[in-house]
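Remarks on the structure that follows.
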Amino acid sequence: MAKIEVLAPLDGTVVDLESVPDEVFAQKMAGDGVAIDPSGRVAVAPVTGDLVKLFPGGHAFGISTGDGVELIVHIGLDTVELKGEGFENIATEGQVVQAGTPIVNFDRATVERRGKVMLSPVVSSGAGTIVRCASGTVRAGLDVLFVLEV
Amino acid sequence: MEYMMERTVILGSKSGLHARPAAVFVQNAKGFQSQITLSKNEKMVNAKSILSVLTLGAEQGDQVVLKVDGEDAELAIDKLASLLEGDLG
């Protein structure tokens, strides 16, 4: 059994996934994880791996590792509808990223002005079970958000 | 008896297969024992992996192909095709 440390992709406060007002994430259909109420402006890679998906509109991305681990970071809820407004992609889909590599810049005020909730789910959709999880405040690319046992 | 089934559907979800609808689709796909793939153009992925499904980048109106192989193939293809044709959110 290997333990994989997943870093916080965002600065902010850790929130239980169950309390996210979106049943798909709250019921863990996309995977187990947590949400972050973000305080910063940049989302970084939570693990080293392939950036297999980065939505053109920047609202979500996914990284897979060689161990079958898959992580999805969704910045805000229903933010696909903003079609990129408030988001700016820094990284490129398909590239290899190191944990902590900046992926997307976002502007909370713009997203909230459009009526979207900023809570951002970070979920594990592939291999592994979450064995430990942070609480309170986390810093993007610096603090461990949760530990996966694969 | 084993079945192998294939069906082409037009994606109905208004924002395409983005994270949320992909999660709902994959959750349903995982409920079947059959091996299931979804493809768009030449790219074929495991329909039980959200991230793989997202890499298709399928948009509303795109033609996607479901392939299902296993004992519950008939049930699976009907259920999954109707999800893809409908509005997954």
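The numbers here are math on the coordinates, done by the rules we state, and not lab data. Not measured: the values here are computed from a predicted model. Neighbour counts run over all protein chains shown; Cβ positions are idealised from the backbone, glycine included.
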message: Taking the Cα centroid of segment A:14-56 and of segment B:15-82, what is the distance between the two, rounded to the nearest whole Å?
response: 22 Å
task: Determine, for B:Phe32, A:Phe61, A:Phe146, the number of other Cβ atoms within 10 Å of each Cβ, and report the residues in order from fewest to most.
output: B:Phe32, A:Phe146, A:Phe61
query: So which residue, out of A:Ala60, A:Ala26, A:Ala35, gets the largest mean-square fluctuation from a GNM of chain A using Cα contacts under 10 Å as springs?
result: A:Ala26
message: Skipping prolines and chain starts, which residues have an amide H placed within reach, meaning under 5 Å, of the one on A:Phe146, given they are 5 or more residues away or on another chain?
response: A:Val6, A:Ala134
- prompt: For all pairs of alpha-carbon atoms in the protein assembly as shown, what percent lies in each bin of width 5 Å, listed from the first bin to the last filled one?
  reply: 1, 7, 15, 19, 20, 16, 11, 7, 3, 1, 0, 0
- prompt: Taking +1 at the Cβ of each Lys and Arg and -1 at the Cβ of each Asp and Glu, which of A:Val97, A:His59, A:Thr13 sits farthest along the dipole of segment A:1-98 towards its positive end, judged by Cα position relative to the Cα centre?
  reply: A:Val97
- prompt: Could you give the dipole magnitude of chain B about its Cα centre, charging the beta-carbon of Lys and Arg +1 and that of Asp and Glu -1, in debye to the nearest 20?
  reply: 380 debye
message: Give me the inter-chain shielding for A:125-134: mean count of other chain Cβ atoms within 10 Å, whole number please.
response: 1
statement: Any lysines whose Cα falls less than 22 Å from that of A:Lys28, other than same-chain ones fewer than 8 residues away, would be A:Lys3, A:Lys53, A:Lys116, B:Lys30, B:Lys48, B:Lys79
message: Show me, for segment A:9-15, the HN-Hα J-couplings you get by feeding each phi into the Karplus relation (A = 6.51, B = -1.76, C = 1.60, θ = phi - 60°), rounded to Hz, glycine and proline as x.
response: x, 9, 6, x, 10, 6, 10
- prompt: Under 13 Å Cα-Cα from B:Lys14, which aspartates and glutamates qualify once same-chain neighbours fewer than 8 residues away are excluded?
  reply: A:Asp78, A:Glu81, B:Glu59, B:Asp62, B:Glu85, B:Asp87
- prompt: How do B:Thr55, A:Thr79, A:Thr110, B:Thr8 line up, fewest other C-beta atoms within 10 Å first?
  reply: B:Thr8, A:Thr110, B:Thr55, A:Thr79
statement: Per the 1/(1 + (r/R0)^6) rule, R0 = 41 Å and r from the Cβ atoms of A:Thr13 and A:Asp67, FRET efficiency to 0.05 is 0.90
query: For the residue pair B:Gln33 and B:Glu6, what label-to-label distance in nm results when each label sits 7 Å from Cα along the Cα-to-beta-carbon direction?
result: 2.5 nm
- prompt: Among B:His18, A:His74, what is the fewest-to-most ranking by other Cβ atoms within 10 Å?
  reply: B:His18, A:His74
message: I want to check the label-to-label distance for A:Ala109 and A:Val131. Put each point 7 Å from Cα in the C-beta direction and report it in nm to one decimal.
response: 4.4 nm
